[in-house]
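Report on one structure; see the data block that follows.
The values are calculated or read from the model by the stated rules, or taken from the named source; none is laboratory data. Bear in mind that the values here come from a model prediction, so they are computed numbers and not experimental data. Ideal geometry is used to build each Cβ from the backbone, glycine not excepted, and the neighbour counts take in all protein chains shown.
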Amino acid sequence: MEIHKTSWPMRVLVLVLFLYLLAPVILVFPISFSGDQVLQFPPSFWSTRWYTALFQNTVMLKAFWTSLTLAVVVTILSIVIAVPAAWTMTRTSFFGKEFLFNLFTAPLLLPTIVLGLAILIVFASFGLLATMQGLVLAHLVVTLPYALRVLAVSLGTQDRACEEAARTLGAKPLTVFFRVTLPMLTPGIVAASALCFLVSFDEVVITLFLTGPRISTLPVELYNYVFNQADPLVAAASVLLILLTLGVIMIVERAMGLGKAFVK
Amino acid sequence: MNAAAETAPRTWRSGELAIVLLLPIALINAIGFILPVLNLARYSFNQSTAGGGIADVFTWENWTGLLRDPFYLELIFNSVWISLAITLTTLVVSYPIALYLHRSTGSWKTFLTVLVISPLLTSAVVRTYGWIALLTDNGPVLSFLRYVGLPAPSLMFNIKGVFIGLTEILMPYMILALMAGFGRLDPRVEEAARTLGATPSRTFWKIILPLTLPGIALGCLLCFVLAVSSFITPKLMGGGRVFLLATEIYDQAIVTLNWPLASTLSILVLIVFGAALWAYSVVLRRLD
Amino acid sequence: MTVSTAKEDHLRLENIGVSFGSVNVIPSLDLSVRKGEMVAFLGPSGCGKTTTLRMIAGLITPSHGRIHVGGRDITALPIHDRDMGMVFQSYALFPHMDVSRNVQFGLKMRNLAAGEIAARTKAALDMVQLGHLAGRKPKELSGGQQQRVALARALVIQPSILLLDEPLSNLDAKLRDEMRVQIRALQQASGITAVFVTHDQVEALSMCDRIVVMRNGRVEQFGTPTEIYEKPATAFVANFVGRTNRLKGTVDAQGNLSAAGQQLTSSAKLEPGKVEVLVRPHRIAMQPAGAGKAAEGGNLVQGEIASVTFIGDLVQYGVRVGGDEIMIEEATRRCAPPFAAGDTVSLAWSAGDTLIYPDKDQ
């Protein structure tokens, strides 16, 4: 289509804007190999000293394991809680269903700074501050809406005739769920898990309100670190975080590719 | 007789089953969302006492105090106005990318879309750090400006840096909203305009822009709301010298321990949200 | 509308009805299907044919009425105990199972021995000539192959009734013709009672022993294909099944029928008043003007050809008679159509081909 050919000035403009969009993410890669004591670009010499420093930083390492445990626990709980909820939302009819769905996904609409404060005040009286249970619960508040949405869409677009076919062939309701509905939901579960994992692993604002010296997550420790000194250590951590995100996305792509293969 | 009724699926009517299956999510929603938000509204009428204590009374003090204090009036005004400016800038820098993406096809489009979405999946701390690295005094941007002999104003710990960084951080949201809006832009409409003799620029102003206004409105709403409540970027790039609503909420809650005031500011943010949503619905109605 | 005798009935619907909210989709329906018979539910979309089928399967609970199969009341029986083999419009093959696991599913639900499951699965797949594709996933099959897997899966459980919900509507025309023959052959070979939902009159006429023509949740006519076509009970049936000319006419007090400004004869009983006159296009013989002769008591009218449309195996003529236009169909001949627009022709048809219905639109 001739008239859709983008003119050269437009292409240059788009390229510049893309550079702007990606600059901060790209820049952390060279900076992480800086040999300098302070943040400067270009570095005066290259080294891997900041990676070494990162792996010797016990605070960061501890925070990483906390984040990882937290994200895994939150992901598993999100799926276990959201699958029955999404099934109820898509397979049953009752008064007020729409309202409940909106209520359950509403936490996404609230700014995290407000939600963080609100949770802080309530959790303080429950004694949940700076505890793993408190962090898990707070993260579930934000991951469940994502999981519910993804799974409800996935269940809603499933061919209901497959469940009906199973029933006419003699399968009881529970058998239909475990042998037809759930296997067909696999791609949705993979997508929802990845989303929940990334949201939980990267969550920083709400977590900032709930962590303390006793327990802290990696994003919160990175935030604290940058707030005090912005040296290339954070660049090294950022590179690893970006690679982790990429890894999760690739796993999803693999699984979803396979998933799509047997859905369509 | 309608066709939908003919294929209406059989559904469970057993209410008990629904209750059991929804109980866990309802509990978490109640404990982690409804209760905290109601409590927050209540706290904005509590009294903060010396030493971080809280008196469980009902007073309008926080609200009246807020509206009488020039510091907070300026804070609110600045937050809204800076967020508006950031939203507008984000729109201007996102529109060409969205349009280009809309017109690309195949794997090139997929690749570019992934590039646009990928920053969303990267931690806000990481991206803000990237901007600090870019804009710091010995960073590439200022080094380059100095090298070519241009003025190199400090971009860290002031509103300029926050502005630049936040604009970039909001871009993916804007691009996605715009692309959703572009869905209703039929390429044949453009072709029709061109065959009828319109120049590319006239086609843009008369055809493309009007048709994509709903997407623009949605993107602006989204970005404004995110800008008003953004915390990480202003806090880290402002270095405690940029005061906005979100940073003040955090400081009041964690540093000053004045939870009633923090709650009042939070409710204020929600009121600003409501106003933005109202403005959006008015714009949308006008467009229809 | 029930015409069969009770003792041969395999499936019997008694005063069955269903409403969705305030919409009364099926007010009340009585219907009997004999053992080994294939019956079509034919009608436009929204006529309630699929709803009725789904009530038989148990996928929709009727608001009132009873369903009997083989003399047993199954109205309250849950779906999974009904023993129905259903073929869905979308085939509804389980995407995560291969062909043989799809077919086995119903047998496994019945907790049969592994050896029997294997043997019956193989027999079912051989029956639909898909034995060589047992390991494929559904998405690796063509539409026609998926359709046959769905059929094998429904038949392998040896159900008491085979329910087919528009099974051919997702296939292209040529494959549809093939599958029509194959499904009918399988049904007759196994002697199974089958209910076939379709909006396609050709499928209903060619495959089924009897046809239920439905409209707005009611039965318009229940009869053999010949009865439906030759003696349509209502103007709706005549219009829905096959093509027809539809003229406004009147019957005067003396019992004389006139339409399109012509005196006409009909073997139907004539009541004075406004009527609809229906004549099938291919039952009308067309001759050059003056050459036509009416059969004893038949119709003969003069007209002018207004249009000639070539549609492959047929040529359609539009002939202006009085103020109306009558459509005539003739099989295509090797030479050019013998008539051209503007020709004056005479049209002849027998009194038995003039169908008369009370005019409901007056």
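Taking the stretch A:49-94 as the range and being within 14 Å of chain B (Cβ to nearest Cβ), outside any helix (DSSP H, G or I) and in contact with a helix residue (DSSP H, G or I) (Cβ under 8 Å, 6 or more places away or on another chain) as the test, the residues that pass are A:Thr92, A:Phe94. For first residues located in the stretch C:63-85 and assigned by TED's automatic domain parsing to the domain that holds C:Gly217, partners that are loosely packed, with under 14 Cβ neighbours inside 10 Å and at pLDDT 90 or above and lie 6+ apart or on another chain with Cβ distances below 6 Å form the pairs C:Gly65/C:Asn15; C:Arg66/C:Asp73. What do you reckon, is C:Ile56 touching a helix residue (DSSP H, G or I) at 6+ places or on another chain (Cβ under 6 Å), buried (at least 20 other Cβ atoms within 10 Å of the Cβ) and of a type in the set (Val, Ile, Thr)? No. Among the residues of the stretch A:190-203, some residue qualifies, meaning at least one is within 14 Å of chain C (Cβ to nearest Cβ), touching a helix residue (DSSP H, G or I) at 6+ places or on another chain (Cβ under 8 Å) and touching a residue at least 40 places away in the same chain (Cβ under 8 Å). When each of C:Gly323, C:Gly342, C:Gly312 is tested for being under 17 Å from C:Gly249 (Cβ atoms), outside the structural domain of C:Ala235 (by TED's automatic domain parsing) and surrounded by fewer than 17 Cβ atoms within 10 Å (Cβ to Cβ), the lone residue that passes is C:Gly323. The condition (being without any contact (Cβ under 8 Å) to a residue 40 or more places away in the chain and within 23 Å of the chain's Cα centre (by Cα)) is satisfied by just one residue among A:Pro24, A:Pro30: A:Pro24. Count of the stretch C:221-233 residues, restricted to those that are charged (D, E, K, R) and buried (at least 22 other Cβ atoms within 10 Å of the Cβ), is 0.
Taken as a whole, the condition of being in the same structural domain as C:Gly58 (by TED's automatic domain parsing) and within 21 Å of C:Ser206 (Cβ to Cβ) does not apply to C:Ala123. Taken together, the residues in the stretch A:122-133 that are touching a residue at least 24 places away in the same chain (Cβ under 8 Å) and either buried (at least 24 other Cβ atoms within 10 Å of the Cβ) or outside any helix (DSSP H, G or I) (or both) amount to 4. When B:Val114 is tested against the conditions (1) at the interface with another protein chain (Cβ under 9 Å from one of its Cβ atoms); (2) surrounded by 14 or more Cβ atoms within 10 Å (Cβ to Cβ); (3) among the β-branched types (Val, Ile, Thr), the lone failure is (2).
Within the stretch B:1-25, being at pLDDT 75 or above and in contact with a Leu (Cβ under 8 Å, 6 or more places away or on another chain) holds for B:Leu22, B:Ile25.
Looking across the stretch A:163-184, just one residue is buried (at least 20 other Cβ atoms within 10 Å of the Cβ) and more than 10 Å from chain C (Cβ to nearest Cβ), and that is A:Thr181.
With a requirement of 1 or more residues that are under 22 Å from C:Val251 (Cα atoms) and at pLDDT 85 or above, the strands (runs of 3 or more DSSP E) lying completely within the stretch C:263-362 that satisfy it span C:273-279, C:299-310, C:314-321, C:324-331, C:344-349, C:355-358. Among the residues of the stretch A:145-162, those that are within 14 Å of chain C (Cβ to nearest Cβ), in a helix (DSSP H, G or I) and in contact with a Pro (Cβ under 9 Å, 6 or more places away or on another chain) comprise A:Ser154, A:Arg160, A:Cys162. Taking the conditions (1) more than 13 Å from chain B (Cβ to nearest Cβ); (2) more than 24 Å from A:Met132 (Cα to Cα); (3) of a type outside the set (Val, Ile, Thr) in turn, A:Ser7 satisfies each one other than (1).
Here C:Gly85 clears all of (1) buried (at least 23 other Cβ atoms within 10 Å of the Cβ); (2) closer than 24 Å to C:Gly223 by Cβ except the condition numbered (2).
So, in the stretch A:5-48, how many residues would count as being within 30 Å of B:Pro172 (Cα to Cα), among the small types (Gly, Ala, Ser) and outside any helix (DSSP H, G or I)? So the answer is 2.
Looking across the stretch C:235-285 at every residue that is polar (S, T, N, Q) and under 23 Å from C:Val315 (Cβ atoms), the one that is surrounded by the fewest Cβ atoms within 10 Å (Cβ to Cβ) is identified as C:Asn239. Starting from residues that are surrounded by fewer than 18 Cβ atoms within 10 Å (Cβ to Cβ) and under 15 Å from B:Ile267 (Cβ atoms), keep the ones in the stretch B:25-60 and report whichever is farthest from the other protein chains (Cβ to nearest Cβ). This residue is B:Trp60. If you check B:Thr233 against the conditions, is it more than 10 Å from every other protein chain (Cβ to nearest Cβ) and modelled with pLDDT of 85 or more? Criteria met by B:Thr233.
The set of residues in the stretch B:173-189 being assigned to a helix (DSSP H, G or I) and among the aliphatic types (A, V, I, L, M) consists of B:Met174, B:Ile175, B:Leu176, B:Ala177, B:Leu178, B:Met179, B:Ala180, B:Val189. Taken together, C:Val219, C:Val202, C:Val181 contain a single residue that is of a type in the set (A, V, I, L, M, F, W, C) and in a strand (DSSP E or B), which is C:Val219.
For the stretch C:102-125, the set of residues classified as within 14 Å of chain A (Cβ to nearest Cβ) and without any contact (Cβ under 8 Å) to a residue 12 or more places away in the chain consists of C:Lys108, C:Asn111, C:Leu112, listed by residue number.
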